[in-house]
Every structure is written in structure tokens, then in C-alpha cells.
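Reviewing the structure listed below.
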Amino acid sequence: MRASIAAVLVAALIASAAAQEFTAAKHAPANAFPKPGRPVAAIVSPVWRDEKERDNAGESAQLVRLLGVKPGITVADIGAGSGYYVVRLSPVVGARGRILAEDVTPAYLRKLRNRVNDLGLENVTIISGAPHDPMLPIGSVDVAILVHMYHEIAQPYGLMYNLVPSLKPDARIGIVDAFAPTSEHGTPPDLLRCELASVGYREISFDRLSGSNAYLAIFAPPSVESRTPPQAIVACKPG
Ligand SMILES: C[S@@+](CC[C@H](N)C(=O)[O-])C[C@H]1O[C@@H](n2cnc3c(N)ncnc32)[C@H](O)[C@@H]1O
């Protein structure tokens, strides 16, 4: 009897080690990637004076339409901050869909958890990520959004590389940012294109958003196998 319990424990340990090795093979550590060749903005939240002003600008409605956010899909909100998009997209994806609300700032995550609990949003999962890795479940994401936060990512190459395993093969990544230098809380479009292309992402569309000085750029991801290996990624410089 003892021998069979020991055998089960050994088998479980081997399976768990294999699972960790599988995940580790798909992810790379922070020090594997080049540092960005441009300033990284300080973390701030929120961007607008209040959510009403933001609703009036119609940013969320434009994002839903251009990215095709619909019932039943899983949306990863990377850098979810105070939860502006979490609250608006939760009813759009509905009970069969899911919002993975990820951030790296513990204080924002705590407030966001309270907001989600207070509103009773049952289709939201809060995730604590790292600057080089959003740590999302493998093969889970239909649409990933990075709104007014790309310029704050300390490790953009690591984050975009380690995001890939969590994406479904036909996933779309929508990046909203201002037409401004990264030091002024925006990302120049050509710099964004260069940084994403250097990991293997392909641009699908680019739209100027009405109501603000921002754009929505949509990208298709590379496969896990076709990502640029971390040591081959060359940091882009602002033009
Ligand atoms: C200006 S706020 C925008 C919040 C939200 N996306 C919105 O549009 O209201 C930027 C957020 O990005 C988060 N952030 C910065 N670097 C990040 C990273 N590497 N990964 C995930 N979140 C990050 C910050 O903690 C902050 O909550």
C-alpha cells in the first residue's frame, strides 16, 4: 500500500516537473531581452479626468467595433489599471465570455478586485503579471488589449514575446496609444510597428480614433515557434 502511494507521488512530481518545463520552454526570463531603446514612461492611472469624459469621447465603442469584441470571447486587458475597460467589456463578452484583467501594480490590482466584487462581475479574473510577462493562461485569449499603457512597459520585448503562448491562433492584439513620444505618454506609430515586428507580430490595421489624440493599431501574433528568439531581438530606436 505504501509502495503504491509512493509511486503515485513520484508520478505526480514527474508530471508537475514536465508541466513546468513545458511552460518554461514557452516563456523567457526578463534578462533574456534587450532593454527598450527609448524612454519608458512612469506608471500613471487613470488617463482621463473621469470615466464620463472618456465615454463621451467614444473610445471604448470604437475599440469594440474595430476589434470585433463579442459575446463568448475571452479578452485580456493588459495593464487594466482602474478597470475602465473591464467594466465596459464584461457585459459585452457576457456570461459565456471572460475578461482577464492583468496589471503589475499591486495597489491598482487591489482596487480593481474591490470594484469587480462590488459590481458582481462574475466573468472577470484578476491576474498579477510581471513587466516582462503577463502570465496569462496558455491558449486562452481571443483579443488582447493594451490601452494607454504600451509606453509604460519596462520590458516591451519580453511582454510581447511571453504573451504569445496565451493567444489563440487567430487572436488579435489591439494597442491604443497617443500620437506622442513615449516620454509624453504616447508611442509614435512607427516605433510601435518596429517593436512589434521585431518579435514577429504583423500589423492588420491602423485607425486614428475620433474624440482624442489616440490611435488603435491591431496586430496578429506570430506562432510560439515563429517568434523571434529573445537573443535575436534588436531594440528599436525612435525615428
Ligand atoms: C495609464 S494606465 C491605463 C489603464 C487602463 N488600460 C486604461 O486605459 O484605463 C497604465 C496601466 O498599465 C500598467 N502597467 C505598466 N506596465 C505594465 C506592464 N509591463 N504590464 C502590465 N501592466 C502594466 C500600470 O500599472 C497602469 O495600471
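Just so you know, all these numbers are worked out from the coordinates, no wet-lab data involved. This structure is a prediction, so every number in the text was calculated from the model and none was measured. Ideal geometry is used to build each Cβ from the backbone, glycine not excepted, and the neighbour counts take in all protein chains shown.
Tabulated values for the structure
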quantity	calculated
Chain lengthening between L66 and S128 when straightened (0.36 nm per residue, less Cα-Cα)	19.6 nm
R0 of 22 Å, Cβ-Cβ distance K168-V92: FRET efficiency to nearest 0.05	0.75
Segment 31-232: radius of gyration and largest Cα-Cα distance (Dmax), Å	15.6, 46
Relative contact order of the chain, pairs being alpha-carbon contacts under 8 Å that are 6 or more residues apart, as %	21 percent
Stokes-Einstein D in µm²/s, Kirkwood radius over Cα pairs - segment 114-239 at 37 °C with 0.692 mPa s viscosity	213 µm²/s
Relative packing of peptides 50-58, 149-157 - highest average C-beta neighbours within 10 Å first	149-157, 50-58
CD proxy at 222 nm, helix term only [per DSSP H run n ≥ 4: -39500 (n - 2.57); per residue of the chain; nearest 500]	-11000 deg cm²/dmol
Hits among aspartates and glutamates - C-alpha to C-alpha of K237 under 14 Å, sequence gap 8 or more where chains match	D190, E195
All aspartates and glutamates inside 14 Å of K26 as judged from Cα atoms, apart from same-chain residues fewer than 8 positions distant	D133, E225
Virtual spin-label span in nm between A197 and N213, 7 Å along Cα→Cβ	2.6 nm
Residue (of V176, A30, F206) at the positive-pole extreme of the chain, dipole from beta-carbon charges	A30
Packing-based ranking, highest mean first, of 100-106, 127-133, 140-146, 225-231 given that Cβ atoms within 10 Å are counted	140-146, 100-106, 127-133, 225-231
Pairwise label distance in nanometres, A180 with I204, each label 7 Å out on the Cα-Cβ vector	2.8 nm
Approximate spin-label separation I138-D55, in nm, with each point projected 7 Å along Cα-to-Cβ	4.1 nm
